[in-house]
Every structure is written in structure tokens, then in C-alpha cells.
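Nothing in this text is a laboratory measurement; each read-out follows from the coordinates by a stated rule. Keep in mind that this is a model prediction, so the values were computed, not measured. Using ideal geometry, Cβ is built from the backbone for each residue, glycine included, and neighbour counts are taken over all protein chains shown.
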Amino acid sequence: MVTPRALEHEFETQDLMINMGPQHPSTHGVFRMVLTIDGEVVRDVVPYVGYMHRGAEKLCETMDYRQGIGYMDRTEYLANFNAELSYVMAVEKLLDIDVPERAQWIRMILCELNRISSHFMFTGAFGTDVGVFGTAFTYSFIQREIVQDLFEEITGDRLMYAYFRPGGLAWEVTDNFVARVHEVLADMRQGVIDIDGLLTHNEIFVARTKGVGYISGQDAIDYGMSGPALRASGVDLDIRKAEPYLYYDQIDFDVPLGEHGDVYDRFVLRVEEIRQSIRIVEQCIERLQPGPIQPERMPRMLRTPPGEVYIRTEAPRGEYGIYLVSKGGNRPYRLKIRSACLSNLQALKHMTVGQYVADAVIVLGSIDIVLCEVDR
Amino acid sequence: MNYDLFGLELNVWVDALIRVLLIVGFMTVSVMGLIYIERKILARFQRRLGPTRTGPMGLLQSLADALKLIGKEDLRPKSADPWTFEFAPYVVFIPVFLGFVIVPFLFGWQVRVIELGLLYFVATSSVNIVGWVMAGWGSDNRYAMIGGMRAAAQGISYELPLVLALLAVAMIASSLNLQEIVSAQGRVPFVVWQPLAFFIFFVAALAEMNRPPFDIPIGESEVVGGPFVEYSGFRWSVFFLAEYAALFILSAIGAAVFLGGWAWPLGEELGRGWQLILMSAKTGMLIFLVFWVRASVPRLRIDQLMGYSWKVLLPLALAQVLVNGAVLVYDWPKQVLLVTGVMGLLALFWVTERAVRQPRTRPAMTIAQSEAAS
């Protein structure tokens, strides 16, 4: 006779552990997570980071302030200008120098264009995660390519720009800069429409992403999340509004907020941010006046007074902070990068447990991590 | 019994051998063509060019790929189950190719005219699920196993709506012989009388072929190729061949059963050339539709996939069979079929739309809850 207890024993199933990454198509780089799954449902997630660790912070301590700029590009390779901006602003604050107006406006334009290209990268990669075979990817990448062409014309490099300098910019932008920016913006507007048509209103996409990977605003704050991933949970924190830097206080733009804190909100919010960035660039371009791009007198070698400074800016993935300690001399005593991706990644377990395996992939995609920034 | 092939009087075995060689030869060539066309069409959807380098307009790309695959080493993981692993590709391949026997290309042109052709097709085509599970189980890889299990669940669930949709048409045509089904359509193809059945057939066929949005077993971004993860070289290419052969066969059968095959709209007394053009245009249209869907939709999740089959497609397919039965028994006019079919289609779209717009915030299970459950 079969007792209920024996039956229970008979139908008991064993959890399966699968190792996702570091070589997996949807971990966006060398990220590894060990999933414990019960059938198709995720019971536990253990993320492993650090495969990409190159010691960027330590390296910056061994070289002078201008040489450190290149390393910022290498930590955040999808939003290089935003990363450079935090660094040069930290150095400027230590040195206490004023940046000419034209340089600030150009910095704003480049940072917002970089945000656009970074978010397009997200829509493409996320489309692939959800399972669109390449179409979202190519449509997004064409937009990113257009922005990168502009950056290449200005800086001479496609990925590692190293264009911002403490005090201003490395050199003047190209003569046709304004016309080129207008061209790029026209393409971006079309790109947003394309992505909306392909993904945002697609029934299967909506069914896959709505209600998945939920995190409440309070939980998001507790995990130290920032950027679009935080705002999708309804927390109104955008450093461009909260602590305006550059000339963001003179510009009229909205901060989109999500209501439900799920994957769909995080996606839609980023698409909306592309629209807002287009608005910002439009206004910046109008106010761009001829003028110097470097202060009159800049020392050949930057020597900072002793002190410490923390600068945070709103990068496409969240708060990108630089903590800089100087004990005098021409190189930092300590440099700490506050990575938005690393903090956002902490919430992965919270958002994934209890969902399906396929959802684990899109939740990870919706955080929009850059492994170079996580591991530094 | 007819053993005459092209009018030749042949021994049974020679005849069979020639037919088998014809099937395999034709399918291999047409699969290579299909792969080339798919790559070109997908590239156009994605603002790319597709293959351009190998041969004129990249025409030889498929051939080059095939040669490369045959030349590759046939790897088998040390821990894999040898028999299961090595036989799985053929268990997938052979049932698919068996379906080729009853594809009605032209009038009287069929590898074999079988009185119960449609039954034969649905019976053989579903065997390949066993091969998928074998591949997933035998590889001794956890991704492959998840993929194999998904394939089994999906294949079994979508077999039912597919069979019922075909059954609905067979009822109206009063035959299971595909030649007779084509002839029975006359002036109006069955897609007009059975729009709901056609839609269900198309969706279920997509799932049977593991094509997007139902490519869950091989989901590239989740299980990295599923059951095929450990396969390489020739065995992998056999899987590939089977996938595209299934695409061709299902499209051809869809064209014959729902779109009037080689007859509609030009009538039955046509030359072979016209029949060929009609049949390939209809098959090509369905294949193009499959590629189009692949280029534009994301993948469903496994629970949504199962729910769609059991809660939406299957009840509607059953309802369609019921309506057809009533029409046959009570001799109602054919227009009833059209009206109910369109109504069923609208109901299907409404249910789908409603499923998509369901309320949102389903809070994730907390970690504590999950630990309690496991």
C-alpha cells in the first residue's frame, strides 16, 4: 500500500543547478550566474563578478591626472563621455578652476548623445534577450553607429574618446558640428519610432515583459540602485534634476518615471529617456556660442592641493561617481569609482527568484549592465 | 498498385530506391536553397545584405556551409550516452522526410498517392519529438536537457491543434487523400470556408517546426541551442536539414489543403507548368510568412506557450470540428462555415489580446517564500 508519505517522497524532485556564463550569449560580457532551478522556475541565483577586473582605480593612482582620462573610457565603454565627465569634474573641483561656457555646452551635447547611443545599445541587446532574431539589434545598432560616426569626426576615435580635459575640451569641435548634430537628431527621432513599432507595442513583447522582475521603490533604494532601473520603480531621483551640474538647471526636460517597477517599465522608460535627451540636445545646440574651450591659463602639469572630493553624475546606467583623494602632487592618492551597474546588479536575486528561467535572462538584460564598469 | 515511375515499368525495389533517392536529393538541394533565401530575406528585414561573397550574390554560401559542416569533426562528449546521442539526429530526420511521401506537388505527382494521406502525415510527423528528447537527454548537458524537455512539452501540445485543424478540413472535403482535397476545393479554396482552421494550422505549424516565436526549445539567449548544444559537424547538419525539410513540407501541405494547391484559381485542367507555378507560389508565400514572423516577433515564454495551446487553440479547434460536423449532418449551407470561421477568428484575436493586457503587477516571490517552497 502506498502511504501518502511515500507518495510525497516519490514525487519529490531535485533542484537542478545550471551555470550561466561566463560564456553565455545573454550575459552581456563575462558575467556568471549560477541558477538553481526547479523545472522552469528559478529558486536561487548566485551572481559572480570579477572576470573583467583590471584594477583601473589602482592604475589611475600611478599616473597623472590627464592620463587617467583614458581609463575612464575603459570602465564605461558604452557611455564614455559620461564617465569622463565625472572624472574631469572631480579634478576641476580639486583644482578649483572654471570651465568656459562653450566647453560646458559641448560637454552636455556629447553626454546626452552618448546617453542616446547607450540606450539604443540597450534596446538592441534587450531585443535579442527577449528573442527577436537580430532585427531589434540591427535597427538599434544603426542608430548607435550614426552617433559614433559623429563622435569619431570630433574625437578621432570610435570608442576610447579621451576628449574631455580638466578645464575644458582637448580641441575644438569640427566646423560643421551644429549641422551634423541636427542630422544625427533627425535619425534618432526615426530610430525611436522604429523601436517603438518593433518592440514597445508588440503583443508578445508586452506579454513577456510586463509584471516580470518586479522590485518596489523602497527595495530599489535599499539595494542602492540608481538611474533608469531605480526610476522605473517610481523613485524620482535624477541627479541632473536633484543636483544640477553643467547647465542642466537652464534646460527644460522631464524625468520619466515608471509605475510598476517591472521589466517593461524599465524598457519603456529608457526609450522615453532617448526622447528627452533629444530635447536636451536641441536646446543646447541653440545656446552654443563661439568662445574658448579651455581656460586662459592652464598649467602644463596639474598639481592638486591636498583634499578629497566626490562627484556624481547621471550616466545612462545610473549614478557614476568619482571619489578622489589627493595628498598634493600630480597624481591621485586614491581614486574610487562608484559604479552604477555593480549596485544595480545587487538586486538581481531579488528580481529573479520565483520567475522562469527565460525571465532571468530578460531581468538581467533590463538592468543593462556593462561588465567593464562592474569589475573595473 | 501503381509502380510506374514516369511511365516506366520497374521492379518494386528499384522503384522504391529511385523514389527514396529522389526525395533525399530533392530535399537536400531545396533545403540549401531555402537556407540561402532565408538568410537573404532576414538580412533585408534587418537592413543588412546577407551573404554576398561566396559565388554570385552569395549563391554558393549554403553549399560552402554544407561542405564545411561535413568536413568538421564529429564530436561526442565523453559523458554522453553513445547510442542515444548518435541516433537522435536520425530519429528527428527520418519522420520528417517520411512526410514528403504525400506532398501533392502537381496533379498526379506525388511520391505515393495514399488514400489516408493526411492521417499518415500527422502520424509520422510527430515521431520526431522522440528524437529531440533523445538528443537532449543523451548529450548529458543541462541546457540540452532543458531544451529537450521543452521540445517534448511543446511538440505534444501543438500536435493536437494541428491535427484538429487538418481534421476540420478533411471533414469538409470528405477525404483524407490530399489529391482529392485539392480537387474538392474547386472555385473557392478552403481558407475561405475555414479561416480559423487555417490560422490554427499556421500557428501550430510554427510551433511544430520550433520556429519563432515558438523557438523555445532552441532559444538562443536562454538555453543556447537547446538539444543541439553538443552536436557538431554532420550530425548537427542532419538536424538542420530536418528543420528546413519540415518547413518545406508543412508549407506545401498548408498550400495544398488550405490554398487550393495546384488547382485554384485557374481550374484543374492546367498544364504541368502552370500547376508548378501555382503550387510553388503558394508554398513560397507560406514560407515567406514564416520568415517574416521570425524577423519581427520576440520569443514566448514556456508557460505562455503551453497556455496558448491548451486554453486558446485547442478549444477553438474543437469548436471548429463541432461546427463542421453540424454542417455536414444537418446539410446547412456552406456560408455558415464562413460566418462561424470568421467569428472564431475574431474570438481568437480577442482572447489573445485579453491575455496580453492582463493586469500587471505580479510581485515576485520573495526570497524567503522561495526558500520555504524549495
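Tabulated values for the structure
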item	result
Label point distance in nm, B:Asp15-A:Ile221, each placed 7 Å from Cα along Cα→Cβ	8.3 nm
Charge dipole magnitude, Cβ of K and R +1, D and E -1 - the protein assembly as shown, Cα centre, debye nearest 20	700 debye
Relative contact order computed over chain A (Cα-Cα under 8 Å; 6+ residues apart), in percent	26 percent
Estimated FRET transfer efficiency (A:Ala242, A:Arg275; beta-carbon r; R0 22 Å; 0.05)	0.60
222 nm mean residue ellipticity, helices alone, for the protein assembly as shown (DSSP H n ≥ 4; -39,500 (n - 2.57); rounded to 500)	-18000 deg cm²/dmol
Ranked by how many other beta carbons lie within 10 Å on average, peptides B:124-137, A:87-100, A:54-67 from highest	B:124-137, A:87-100, A:54-67
Region A:52-90 residues near the modelled A:Asn330 label - backbone nitrogen below 17 Å, point 7 Å along Cα→Cβ	A:60-70
Pairwise label distance in nanometres, B:Phe288 with A:Asn176, each label 7 Å out on the Cα-Cβ vector	3.9 nm
Region B:52-141: relative contact order as a whole-number percent, Cα under 8 Å and 6+ apart	36 percent
Distance in nm between pseudo-label sites at A:Asp254 and B:Met343 (7 Å out along the Cβ direction from Cα)	4.4 nm
Estimated FRET transfer efficiency when R0 is 60 angstrom, pair A:Met298-B:Phe234 (beta carbons, to 0.05)	0.35
FRET efficiency for B:Val329 and B:Arg354, using Cβ-Cβ distance with R0 set to 35 Å, rounded to 0.05	0.60
Within 10 Å of each Cβ in A:355-363, the average number of Cβ atoms from other chains	5
